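In what follows, a single structure is set out as structure tokens and then discussed.
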């Protein structure tokens, strides 16, 4: 299990000019890719930024993302209802350079937006404000939500080297309180009382990048608010964590067992240190398969229910039964 230190105030140490690598408790400072010595062309080709917001308001799970890969962009929103096979709704769009905007920070001053292909998404957090505002609109879909972070546990963040001149900075947050509404074909579903979180990532990425991801938000059978973030590959252990009520706990790297040819089948998701041991049952999946020769993406994100145990040292095991969340198998040539 890795040890978290306090988040740095700057991405690059002003005294040494070196990136401040590590695994941290708390949010990232603003990310300045110029501090890596990358010129404009390299930033265009290698710099990637995205933010993914999740809302778990039992019995509904909502995922929304804005992705800026420099020379292209995309966004999506989907919703799944517990007990149903397949997604309740999914909207996705692809744009060109500048179609998506993602800020250099995930905390105060955060913003992300996409407008194109019949889809609009906007996520913002104003300076001096503790809540995020999330809005999305597409054919048959309208989302308005407020994710309040005042009583949330600390974020986990990490800055990791991915190769010579390549780096990823990521911040994961969970257990924000949610108020809002999702409309599907004019039918309103309340999101109030739910839990929210996000994945913010930003960096100069390898040409070939792959990872597996698990994220969940809900309550243990004993009543505690619980979330977890596990990754295998990519940044790996430095961003793996469990949240319980107001506390953040670092855990080992994710380990995923599933049939890649049948991602809607059963998954087993564990942490390498044994703290997290979950079975995942998929109910639907958001998937994107694109092959533009120079840009190839295979993105599969099943959504469903987690059942299992979180056994943190020094406290009684927490049992989860039917907690909403996602898994992900991502391989991209960009």
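The values are calculated or read from the model by the stated rules, or taken from the named source; none is laboratory data. In this text, all values refer to a predicted model and were calculated from it rather than measured experimentally. Positions of Cβ are generated from backbone atoms using ideal geometry, with glycine treated the same way; all protein chains shown enter the neighbour counts.
Among what's in segment 212-223 and is part of a loop (DSSP other than H, G, I, E, B) and either modelled with pLDDT under 95 or touching a strand residue (DSSP E or B) at 6+ places or on another chain (Cβ under 8 Å) (or both), pick the residue that is surrounded by the most Cβ atoms within 10 Å (Cβ to Cβ).
Only one residue tops the list, namely 220.
Given segment 135-207, what strands (runs of 3 or more DSSP E) lie entirely inside it while holding 3 or more residues that are over 19 Å from residue 124 (Cβ atoms)?
156-163, 166-184, 187-190, 195-204
Looking at segment 241-257 only, could you name the residues that are in a loop (DSSP other than H, G, I, E, B), touching a residue at least 60 places away in the same chain (Cβ under 8 Å) and closer than 28 Å to residue 161 by Cα?
251, 252
Restricted to segment 4-41, and to residues that are under 17 Å from the mean Cα position of the chain (by Cα) and part of a strand (DSSP E or B), which residue is surrounded by the most Cβ atoms within 10 Å (Cβ to Cβ)?
My answer is 24.
Only one of these is farther than 19 Å from residue 217 by Cβ, without any contact (Cβ under 8 Å) to a residue 12 or more places away in the chain and in contact with a strand residue (DSSP E or B) (Cβ under 9 Å, 6 or more places away or on another chain): 28, 18. Name it.
That would be 18, the only listed residue that is farther than 19 Å from residue 217 by Cβ, without any contact (Cβ under 8 Å) to a residue 12 or more places away in the chain and in contact with a strand residue (DSSP E or B) (Cβ under 9 Å, 6 or more places away or on another chain).
Collect the residues in segment 262-312 that are exposed (fewer than 15 other Cβ atoms within 10 Å of the Cβ), assigned to a loop (DSSP other than H, G, I, E, B) and at pLDDT 95 or above, keeping them in residue-number order.
262, 265, 266, 274
Which residue, of 54, 135, 33, 38, is touching a strand residue (DSSP E or B) at 6+ places or on another chain (Cβ under 9 Å), under 30 Å from residue 263 (Cα atoms) and in contact (Cβ under 8 Å) with a residue 24 or more places away in the chain?
54
Restricting attention to segment 42-69, which residues are surrounded by fewer than 18 Cβ atoms within 10 Å (Cβ to Cβ) and either under 19 Å from the mean Cα position of the chain (by Cα) or assigned to a loop (DSSP other than H, G, I, E, B) (or both)?
Of everything in segment 42-69, those that are surrounded by fewer than 18 Cβ atoms within 10 Å (Cβ to Cβ) and either under 19 Å from the mean Cα position of the chain (by Cα) or assigned to a loop (DSSP other than H, G, I, E, B) (or both) turn out to be 58, 59.
Among the candidates 189, 142, single out the residue that is touching a strand residue (DSSP E or B) at 6+ places or on another chain (Cβ under 7 Å), modelled with pLDDT of 95 or more and either buried (at least 24 other Cβ atoms within 10 Å of the Cβ) or closer than 25 Å to residue 305 by Cβ (or both).
None of the other options fit; the residue is 189.
For segment 316-334, enumerate the residues that are surrounded by fewer than 19 Cβ atoms within 10 Å (Cβ to Cβ), at negative phi, part of a strand (DSSP E or B) and over 17 Å from the mean Cα position of the chain (by Cα).
319, 321, 333
Suppose we filter 83, 98 for residues that are more than 15 Å from the chain's Cα centre (by Cα), over 20 Å from residue 200 (Cβ atoms) and either crowded, with 21+ Cβ neighbours inside 10 Å or modelled with pLDDT under 95 (or both); which single one remains?
83
Conditions (1) touching a residue at least 12 places away in the same chain (Cβ under 8 Å); (2) under 19 Å from residue 65 (Cβ atoms); (3) surrounded by 24 or more Cβ atoms within 10 Å (Cβ to Cβ), marked per residue:
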site: 163; (1), (2), (3): yes, no, no
site: 167; (1), (2), (3): yes, no, no
site: 172; (1), (2), (3): yes, yes, yes
site: 199; (1), (2), (3): yes, yes, no
site: 204; (1), (2), (3): yes, no, no
site: 210; (1), (2), (3): yes, yes, no
